[in-house]
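See structure below.
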Amino acid sequence: MNVILLGPPGAGKGTQAKLLQEARGIIQLSTGDMLRAEVSAGSDLGNKAKEVMDAGQLVSDEILIGMISNRINQADCADGFILDGFPRTTPQAGALDVMLEDRGLKIDHVVELAVDDDAMVKRITGRFTCANCGTGYHDEYQKPSVDGICDKCGGNEFSRRADDNETTVRSRLSAYHEQTAPIIAYYRNKGTLKTVDGMADIDEVTKQLADITG
Ligand code: AP5
Ligand code: MG
């Protein structure tokens, strides 16, 4: 099964992709995580992307299309994948159609997480991640069971993203509405789009997503 999760920054794409990965054994492909790994590694691509990401803008279609095209060829995608953060522009959506057709693959579910923009700033500025295993948390909505200790791996170091400040979040939301929101209509016209209430609590969103993906 191949799934696309769509929604603005903070909608819960990463949170739900990780839960769906655990539940269904299909791999999360987060283009944001891939780019952040390049930035951490100090690669040429990462150095190019960092400035754009810190400004809350979109990295070039050419880079992203190449990245996903290579990634879906890898063995861990054979049982299915969840696209989290891709496609994000009309050219990316078109390129995805071509690369899937070339490989005899298709997308089974395109799911939009519908949310109110105003709530996203609070969601994003409260987000933190286990530095060891990458499990995501929130200061208010998703705290570790024991303060300062990761539920999953017991780690006690956490990190916050460089682009999770209020100014950058507002630029990311603008980029979403200008460049990404048009692809919702693209998938609606194809008849593949389903919408879940991304303002519900995390467990309820997981349930709605499970109802769609079967
Ligand atoms: P990316 O990493 O994809 O960031 P994003 O789209 O801005 O989305 P986020 O990761 O911020 O939000 P999310 O929906 O995953 O929310 P999460 O589940 O963490 O991209 C970063 C940058 O990379 C882009 O700005 C761009 O520069 C570049 N980039 C990436 N892909 C690109 C592409 N295809 N083309 C061009 N450039 C690209 O949840 C947020 C918080 O809320 C968490 O703390 C969570 O615990 C909490 N939460 C989640 N769900 C709920 C809920 N239902 N109720 C309450 N709290 C919740
Ligand atoms: Mg994310």
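The values are calculated or read from the model by the stated rules, or taken from the named source; none is laboratory data. For clarity, every value in this text was computed on a predicted model and none was experimentally measured. Note that each Cβ is placed from the backbone with ideal geometry, even for glycine, and that neighbours are counted across all protein chains shown. Surface areas here come from the heavy atoms of the whole protein model, side chains and all, with no ligands, DNA or RNA. Shrake-Rupley method; radii C 1.70, N 1.55, O 1.52, S 1.80 Å.
Brief remarks follow.
- Thr195 vs. criteria modelled with pLDDT of 95 or more, surrounded by 14 or more Cβ atoms within 10 Å (Cβ to Cβ) and part of a helix (DSSP H, G or I): no
- Taken as a whole, the structure places Gln74 among residues that are modelled with pLDDT of 95 or more and open to solvent by 20 Å² or more (accessible area, probe 1.4 Å).
- Condition check for Ser30: without any contact (Cβ under 8 Å) to a residue 40 or more places away in the chain and either over 15 Å from Gly136 (Cβ atoms) or near ligand 1 (Cβ under 7 Å from one of its atoms) (or both): no
- Output for segment 155-173, where each listed residue is among the charged types (D, E, K, R) and open to solvent by 60 Å² or more (accessible area, probe 1.4 Å): Glu157, Arg160, Arg161, Glu166, Arg170
- Tyr176 being in contact (Cβ under 8 Å) with a residue 40 or more places away in the chain, aromatic (Phe, Trp, Tyr), open to solvent by less than 70 Å² (accessible area, probe 1.4 Å) and in contact with a Pro (Cβ under 6 Å, 6 or more places away or on another chain): yes
- Leading residue by the ranking (nearest to ligand 2 (Cβ to nearest atom)) among those in segment 100-142 that are farther than 27 Å from Ile212 by Cα and open to solvent by 30 Å² or more (accessible area, probe 1.4 Å): Thr129
- Residue in segment 73-83 that is closer than 30 Å to Lys190 by Cα and of a type in the set (D, E, K, R) present: yes
- Whether a residue is part of a loop (DSSP other than H, G, I, E, B) and either without any contact (Cβ under 8 Å) to a residue 60 or more places away in the chain or farther than 21 Å from Gln28 by Cβ (or both) was assessed, and Asn156 passes this test.
- Residue check for Ile68: of a type in the set (Val, Ile, Thr), open to solvent by 10 Å² or more (accessible area, probe 1.4 Å) and more than 7 Å from ligand 1 (Cβ to nearest atom): no
- Scanning segment 1-16 for residues that are more than 20 Å from Asp139 (Cα to Cα) and among the small types (Gly, Ala, Ser) gives a single hit, Gly7.
- Filter result (buried (at least 16 other Cβ atoms within 10 Å of the Cβ) and either of a type in the set (Phe, Trp, Tyr) or farther than 14 Å from Arg88 by Cβ (or both)) within segment 181-192: Tyr186, Tyr187
- Residues of segment 97-132 classified as in contact (Cβ under 8 Å) with a residue 40 or more places away in the chain, of a type in the set (A, V, I, L, M, F, W, C) and either part of a strand (DSSP E or B) or within 13 Å of ligand 1 (Cβ to nearest atom) (or both), total: 9
- Pairing each residue of segment 34-55 that is hydrophobic (A, V, I, L, M, F, W, C) with any residue that is not in a helix (DSSP H, G or I), provided the two are 6+ apart or on different chains, yields C-beta distances under 6 Å for Ala49/Val59; Val52/Val59; Met53/Asp163.
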